[in-house]
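Asks: Please read through the structure below; I'll follow up with questions.
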Amino acid sequence: MNKLLLLLTILFFMPFSMMAQDKTITGKVTDESGVAVAGVNVTVKGAKKATQTDKDGNFSITVSGKAELIFTSVGFAAKTVAVGNAAVVSVTLQKAVNTLDDVVVIGYQTVKRKDLLASVSSVGAKDLKDIPINSAAEALNGRLAGVTATTAEGSPDAQINIRVRGGMSITGDNTPLYIVDGIQVENGLSDISPQDIQSIDVLKDAAATAIYGARGGNGVIIITTKSGKAGRLKLNYNGYVGVKFLAKKLKVMSPYDFIYYQSERSRGSGTDSTSFTNNYGTTWDTLSVYKDVDVVDWQKEVFGNTGFMQTHNLSASGGSRKITYDFGYTYNDDKAVVLNSRYKRHLLNLKADYKITNNIKLAVGTRFTHTDVYGAGVSSDQGTSYNRLRNAVKYKPFLSPDQTIDDQDPYADPSAGNGLILVNPILLVNSEYRKKSSNVFNVYANVSWKILNNLTFKTTVGYNYSKRIDRQFSDSLAPYAVTQGGAEPIVRLDSVEAKTFTNSNVLTYSLKGIRKNHDIDIMLGEETYDLRTESQSSLYGHFPTFTSYKTAFKNLDMGTAFNGYPRLGKTRYTSLSFFGRINYSFKDKYLLSVNVREDGASKFGPGNKWGTFPSVSAAWRISKEKFMEHVTFINDLKLRAGFGKIGNNRIQDYLYLTTYSNNGNVYYGLNNNSINGYYPTSLVNSQLKWEATVNRNFGLDITMLNRRIDLSVDYYYNTSSDLLLNVPVASTYGYSSQLQNVGKTSNKGVDLQLSAVILRKPDNFTWSANFNMSFNKNKIEQLGINQQYFYPAASWGVSGQPTDYIEQIGYPVGSMYGLVNDGFYTLDDFDYNSTTGAYTLKAGVVNDAAIITVVQPGSIKFKDLNGDGFVDLNNDRKIIGNPTPKFTGGLNQQFTYKNWDMSLFVNFSYGNDIYNANKIELSNAYTNNANMLDIMAGRWKIVDANGQTTQWVSGSTAYGVSPDRIAALNANATIWQPIKSAGAFYPSSWAIEDGSFLRLNNITVGYSFPVSKLTRLHMSKLRLYVTANNLAVLTSYSGYDPEVSVRNSGLTPGLDYSAYPKSRSFIFGINASF
């Protein structure tokens, strides 16, 4: 009986005990394409149990009863699943819509994107994966509202000028501040592999940048590199190989058109005529042979090669709950399209996080980059005599008898003025050796101590070392040797070494849920910065004529040091800063942030070393209001406003001190002793202070349709003051100008950023898009006292060339300035004397003689702006171009279908002008025996089909045959007779072209293999892709490429001169994970 009672009791309670027992749930997690997702965090709701999916997306976890599981992973929307009685669960995660991990890095903190009170644009790792590039700076172009990234030209190491909302300074540096993993780094994007980057956040308004004080005036770019995650070792390989081709060539005159014009040019000059007949024949009929001569395409020979590029990135990451790590190595090799050009780079990146205790964490990181750039290329930041591009266009388009492809033309004019002798383009490339090498080393560490649950202290130290060496050798044919070394070989060695130490200490105090409605965050910090640089420049000449570059570099004593060399430089800049921030939130509905920073810097004198930079911003989350409860299609709606003051300390060191320089001349003092002369370089101004900007920003953020649409719109108005300008002073000071804080500018505009998931079909098809557009208007508000304008020069032409830019109140910085073209003179502009054959201008017709020496039918014609009947440089120039676009932007579209993915990116610019200085030089006849652009084949001619001269000049008078004969010869003329005088290089409106464009920048198509097929290979991911870059450009610009600006100065933007041509590339790549 007792046994039976015991059995019944057990049977009665057994179901309850089973309900209370733990059970094991297994399952698999995949994305919308059915691809397994590794590393997904699986947690039991309300419990401390957690696990992660393996490389195949599988997981196993023990739960009690009918538990709920929460699945979270970076890049995917979190998902909660009720287990119920199931033992096996299959979960599909949807990609998060435009969350960028839902976290944005701002000054010394991170915040959720939805809680931003500032204007911030971001690019993440998932955006970079579709862009096979060497520099992440390229990825910013056209992808972020309010940010422009202009590649100066097409060389592999081309400088990329990044500007945030137009820049604030006139003469100063408008480069933004770069912060990499919490450490300030110069040119932060150039020495980091794009494959190592987790996110790039661009801070655009004072609400975000004022915390950086005097360094934040031009915007702040914060780069966060990838970190390891707890779990098994994960190996990744990302690599690609590709070919590249010249995207466009300039059309030049044919051999016969070339000869025809050289015959014209030789008329009227005994020397030129004799040279022409000696070179090409004594009779007109002999010139017809050049109609069938073989054409040499020098552009193809010099930069029409098929370039080859490859990039390989290996990374390893993993760790435990205590320590995580991420290691990456990248190798870039780009054999460019220009002869002898090559770019090679090695990058190492190591990052580790160590949890010392539950309250103390240590993070360390180090990066090393070694770069070698070979070849002189074609670009030049100097004048015409240094222009290598001109040789590839102007060199004679055929070979002379017995001349080989790499021999100098025996008929080349050896006496061309201004060092403008034309050299065989292949010979010229081989006549120069250049190697630019750099080593960059970064190391940092930070310790975070959670003193209390709501009180955290973080200290960060960083050290950066860089050394850059530029080695140049020019043999007797190279432009530098011709102009500087008496046509004897020259060696130039330049080096710059920089060491930077930074330390910041930040204390953060958080109070959450005060009386359930109030949240407060308080941050206090201190930071020191110490930058030391040393530079050296050496110049040696007069090496024996046939010295090779290897011999010259090894035996510098074979040459002679130039007077004044070597030149040494040594600077030190230090700063000390204190800063603070208070963030306040009421019911997550009303948000307020106040920032202030006090900066002290060694760049300024006593009384001006310290500057205060405050900001305040507020937001109203309208979507939290009761009247929005039934507006279900809006997920989040927020209005923002910000106001603040920021500064710019990117100026030279020691400007407030009197500095001296050795001018390189030798003076003879008493007793005939030779001494080196030193002189003060400028009229010192001890009252120099910070450049400053007051920023106003109003923004709207809206997320709709279950986060499928995300829109941000910002209006900003920035006014900058105390800008540094060289102000004219009385001659009694002994100087022409003094640097003073007198300038003012303004920038106002609108930024628009829109992201959307357009389609998400059950059959695994998705279509998402990111669109941005920016409008910016820049204006100079004030210059010096009683100063309305001043004239900077791009300095691209010959000596004596007039200035070609103007900085004028009421106009944008860097306005283009010059004469205004009015076509060319026709026969109707002249009276003809049939007796003498003289052509004289009719009364009332504008006279250009001051520009082109002698006016005749077919001469270029300019407008007389002041109405005095004559055209001259003093009275008849005006603003002829605006370098600032009316708007810029881009559209990136991404498609997925099952295992296939595709992205298509276009960027655009509208309303800006390009100063095509190439067109001026490549269409003039300043140099004898030089070819020109093919538009000059349609010129006004002065030699008829029978070889008879129809026009000529004697003294200051034009003569010619009857008007009827000249009219018949030039019935189809479309352009003027080429200019031979100094006026050939004068800037004019003809060279100002519309720089608007729409570029098909990037197309990528990829295929990811199903995980089930990779298991045997111990792989979790394998993706193959092909990419086409710079596939097409829709533009009316006649030059190589409209996206160009070769001068590294805000005073002379939009100049296209001797730029390295851009290429078109086709790439095959692999992404693999093990």
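Asks: What is the sum of charges around VAL846, taking Lys and Arg as +1, Asp and Glu as -1, for the other residues whose C-beta is under 12 Å from the C-beta of VAL846? Walk me through the numbers before you get to the answer.
Replies: Working: positive: LYS842, LYS861, LYS863; negative: ASP822, ASP829, ASP848, ASP864, ASP868, ASP872, ASP876.
Surrounding charge for VAL846 is -4.
Asks: For the range 415-496, what is Rg from Cα atoms divided by 2.2 N^0.38 Å, rounded to two decimals? Walk me through the numbers before you get to the answer.
Replies: Working: Rg = 25.0 Å, N = 82, 2.2 N^0.38 = 11.7 Å.
Output field value: 2.13.
Asks: Could you give each residue of the range 499-513 its phi-based ³J(HN,Hα) in whole Hz, using Karplus coefficients 6.51, -1.76, 1.60 with θ = phi - 60°, and x for Gly or Pro?
Replies: Karplus values, whole Hz, x for Gly and Pro: 10, 10, 10, 10, 8, 10, 10, 10, 10, 10, 10, 10, 10, 10, x.
Asks: Can you give the relative contact order of the range 18-92 as a percent, counting alpha carbon pairs under 8 Å and 6+ residues apart?
Replies: On the way: 161 pairs, mean separation 27.4, N = 75.
Taking the mean separation of contacting Cα pairs over the length of the range 18-92, I get 37 percent.
Asks: Next up: Note the full-extension length gain between VAL713 and THR949 as 0.36 nm times their separation in residues minus their Cα-Cα distance, in nm to one decimal.
Replies: Residue separation times 0.36 nm, minus the Cα-Cα distance, leaves 78.4 nm.
Asks: Find the relative contact order for the range 991-1031 and round it to a whole percent, using C-alpha pairs within less than 8 Å whose residues are 6+ positions apart.
Replies: Relative contact order comes out at 50 percent.
Asks: Greater than 32 Å separation of Cα atoms is the criterion. Which listed pairs, LYS226/LYS1013; LYS226/LYS550; LYS204/LYS609, meet it?
Replies: Details: LYS226/LYS1013 28 Å; LYS226/LYS550 42 Å; LYS204/LYS609 25 Å.
Among LYS226/LYS1013; LYS226/LYS550; LYS204/LYS609, the Cα-Cα distance tops 32 Å for LYS226/LYS550.
Asks: Let me ask something else about it. Could you put ARG232, ARG1016 in order, starting from the residue whose Cβ has the fewest other Cβ atoms within 10 Å?
Replies: Exposure proxy ranking, most exposed first: ARG1016, ARG232.
Asks: Using only alpha-carbon positions, what ratio does the radius of gyration of the range 310-371 give when scaled by 2.2 N^0.38 Å?
Replies: 1.61
Asks: Quick one: length gained pulling LYS45 to ILE451 fully straight, 0.36 nm per residue minus the C-alpha distance?
Replies: Gain on extension, LYS45 to ILE451, equals 143.3 nm.
Asks: Give the whole-number value, in cubic angstrom per residue, of the convex hull volume spanned by the C-alpha atoms of the range 104-248. Intermediate results must be reported in sequence, preceding the final value.
Replies: Details: hull volume 19.9 nm³, N = 145.
For the range 104-248, the hull spanned by Cα atoms encloses 137 Å³ per residue.
Asks: Let me ask something else. Using only Cα atoms, tell me the angle between helix 2-20 and the longest principal axis of the chain; keep it within 0 to 90° and round to the nearest 10.
Replies: On a 0 to 90 degree scale, this one is about 20.
Asks: So what's the back-of-envelope 222 nm ellipticity for the chain, counting only DSSP H runs of four-plus at -39500 (n - 2.57) apiece and dividing by all residues, rounded to 500?
Replies: On the way: 13 runs with 96 residues, N = 1074.
When only DSSP H runs of four or more count, the value is -2500 deg cm²/dmol.
Asks: To the nearest 10 degrees, how steep is helix 255-266 against the longest Cα principal axis of the chain, on a 0 to 90 scale?
Replies: Approximately 50 degrees, to the nearest ten.
Asks: Let me ask something else. Can you tell me the Rg and Dmax of the chain, counting just the alpha carbons, in angstroms?
Replies: 34.1, 152
Asks: With an 8 Å cut-off on Cα pairs and a minimum separation of 6 or more residues, tell me the relative contact order of the chain in percent.
Replies: 11
Asks: Let me ask something else. Under the classification rounded if a/c is under 1.5, otherwise prolate if a/b is larger than b/c and oblate if not, where does the range 825-874 fall, given a ≥ b ≥ c as square roots of the Cα gyration tensor eigenvalues? Kindly include the intermediate steps, with their values, before the conclusion.
Replies: Working: a/c = 2.38, a/b = 1.94, b/c = 1.23.
Taking the square roots of the gyration eigenvalues as a ≥ b ≥ c, the range 825-874 is prolate.
Asks: How big is D, in µm² s⁻¹, for the range 163-249 by Stokes-Einstein at 37 °C and 0.692 mPa s if Rh is the Kirkwood radius over C-alpha pairs?
Replies: The calculation lands on 209 µm²/s.
Asks: Here's a follow-up. Which listed residue (TYR817, THR888, VAL594) has the Cα farthest towards the positive end of the charge dipole for the chain, taking +1 on Lys and Arg C-beta and -1 on Asp and Glu C-beta about the Cα centre?
Replies: So the residue furthest toward the plus end is VAL594.
Asks: Here is a follow-up. Under a crude label model (7 Å from the Cα following the beta-carbon direction), how far is VAL1005 from LEU639 in nanometres?
Replies: 4.9
Asks: Mean 1/r over all different Cα pairs, inverted: what Kirkwood radius does the range 18-92 give, in Å?
Replies: Numbers: mean 1/r = 0.0810 Å⁻¹.
Taking the inverse mean of 1/r over all distinct Cα pairs, the range 18-92 comes out at 12.3 Å.
Asks: Something else about it: Please give the helix 270-280 orientation as an angle from the longest Cα principal axis of the chain, in degrees from 0 to 90, rounded to the nearest 10.
Replies: 70
Asks: Can you give the % of DSSP beta bridges in the chain that are antiparallel, to the nearest 5?
Replies: 95
Readers should treat all values here as calculations from the given coordinates under stated rules, not as data from a laboratory. Just so it is clear, the model here is predicted, and its values are computed rather than measured. All Cβ positions, glycine included, derive from the backbone under ideal geometry; neighbour counts span all protein chains shown.
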